[in-house]
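Colleague: Shown below is the structure under consideration.
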Amino acid sequence: MQRTKYPALAVVSVASLASLALLTACSGSADGAENSPAATASSTAAGATGTLTVYTSEPQAKIDELVAAYNEVNPEVSVEVFRAGTGELKTRIATEKETGGIQADVILAADVPTFEAYAAEGDLQVLDIDNAGELNQDIVDPEGYYVGTRIIPTVIAYNTTLVDSAPESWAELADEEYKGMIAMPNPDVSGAAAFNTTVWLETPALGENWLKNLIKNEPTVLESNGPVGQAVAAGTSGIGIVVDYVARELAAKGSPLSLSYPSDGVPYVSQPAGVFNDSKNPDAANEFVEFLVSKEGQELAVAQSYLPVREDAGVPSGAPSLADLELLNPDLAVIAEKQASAVAKFNDLLK
């Protein structure tokens, strides 16, 4: 897949960051109120107004928290959210393109290939944000069309009352001892699952033979990551292929659930955000994306159990640091090109 190259994201220089830090320090009040997240974030607000429409695959409670935090910084913006799985979002957007134009300003969804396709089709505009240089550059589109907003690894979760010997790798999940025990999300619905399927097929140590053997173990394919986590927590499935924050949150609530980050590599999605060319409020849209990847926005992501895309936001309680994980970083152009065929391969093997 090729796309026209445009200027990259604007990046704040070191001198500009120093000037901003000095300005912030000098403008603080004596009572320490300047240290609150809302006060700090408001120093970068541009006073956007109007209505902002966001299409997202984020869980409803999490997007509600994001919108509330954004509105602390931009109180004059009315945010409308349509929340669905990535597959449903793509269907809705395709229909809108055929009938007069995309109705959303911002898309915040799971996988890079979706954004690569929209960029190639001319649906995204180059972002106008200042803090891309502060982020993990693995999640920043070099051409400026989108930026990742959190690191979401997929892991192996297991019910500790049902599984004595926890699998430590993807390769182990193909062992016959796990037949009938595994739950996983549907790649036709979940963007993360579609991405992972492609990464597995493109990983030499796994590939199509491994996927065939995994499916021979008769996994239960559920709609999305949430139901997979619930199935493992409830014991209807002993093992789940699931995003890590779902497993951590269930364990924190007392479920007999633990997780392992596979030793043969951890695939992850970066939940990119982008602004559509059809946006009716690009100022508010870019403010929204900039807030997502700001220090304050990333601290909220950590509070929501996500791994952040910048180093100064900490990590969730009980989560490893990114340096401790064997993250898989495939060629994203290849993944984007092959994702549709990978999902079709998965569906054929299920038959």
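No value in this document is a laboratory result; all are computed from the given coordinates. Because the structure is a prediction, the values reported are computed rather than measured. Because the Cβ atoms are built from the backbone with ideal geometry, glycine has one as well, and the counts that use them run over all protein chains shown.
Colleague: Please give the Cα centre distance for region 152-184 versus region 253-311, rounded to the nearest Å.
Modeller: 26
Colleague: Right, here's the next one. Taking R0 as 22 Å, what's the FRET efficiency between Glu202 and Thr99 from their Cβ-Cβ distance, rounded to 0.05?
Modeller: Efficiency at R0 = 22 Å is approximately 0.05.
Colleague: For the chain, what Kirkwood radius comes out of the mean inverse Cα-Cα distance, in Å?
Modeller: Result for the chain, one decimal place: 21.0 Å.
Colleague: Counting DSSP beta bridges in the chain, what percent are antiparallel, to the nearest 5? Don't skip to the answer; put the middle values down first.
Modeller: On the way: 21 of 37 bridges.
Expressed as a percentage, antiparallel bridges in the chain total about 55.
Colleague: Taking K and R as +1 and D and E as -1, what net charge do the other residues with C-beta under 15 Å from the C-beta of Val246 add up to?
Modeller: After counting each charged neighbour, the total is 0.
Colleague: Right, another one. To the nearest 20 Debye, how big is the dipole of the chain about its Cα centre, given +1 on the beta carbon of each Lys and Arg and -1 on that of each Asp and Glu?
Modeller: 580
Colleague: I've got another one for you. Net charge near Phe346, counting Lys/Arg +1 and Asp/Glu -1 over other residues with Cβ under 11 Å of its Cβ? Mind dumping the intermediate values first?
Modeller: On the way: positive: Lys212, Lys345, Lys351; negative: Asp188, Glu208, Asp348.
Local charge sum for Phe346: 0.
Colleague: A further question follows. If packing is taken as the average count of other Cβ atoms within 10 Å, what order do 93-100, 185-192 fall into, highest mean first?
Modeller: Details: 93-100: 12.2, 185-192: 23.5.
Result, highest mean first: 185-192, 93-100.
Colleague: Hey, another quick one. Ranked highest first by the average count of other Cβ atoms within 10 Å around their residues, in what order do 108-121, 258-271 fall?
Modeller: Packing proxy ranking, top to bottom: 108-121, 258-271.
Colleague: Would you calculate the separation in nanometres between label points at Glu80 and Glu337, each defined as 7 Å from the Cα along the Cα-to-beta-carbon direction?
Modeller: So the two model labels end up 4.0 nm from each other.
Colleague: Taking the Cβ of Ala192 as the center, what net charge do the other residues with Cβ under 15 Å away carry, scoring Lys and Arg +1 and Asp and Glu -1?
Modeller: -3
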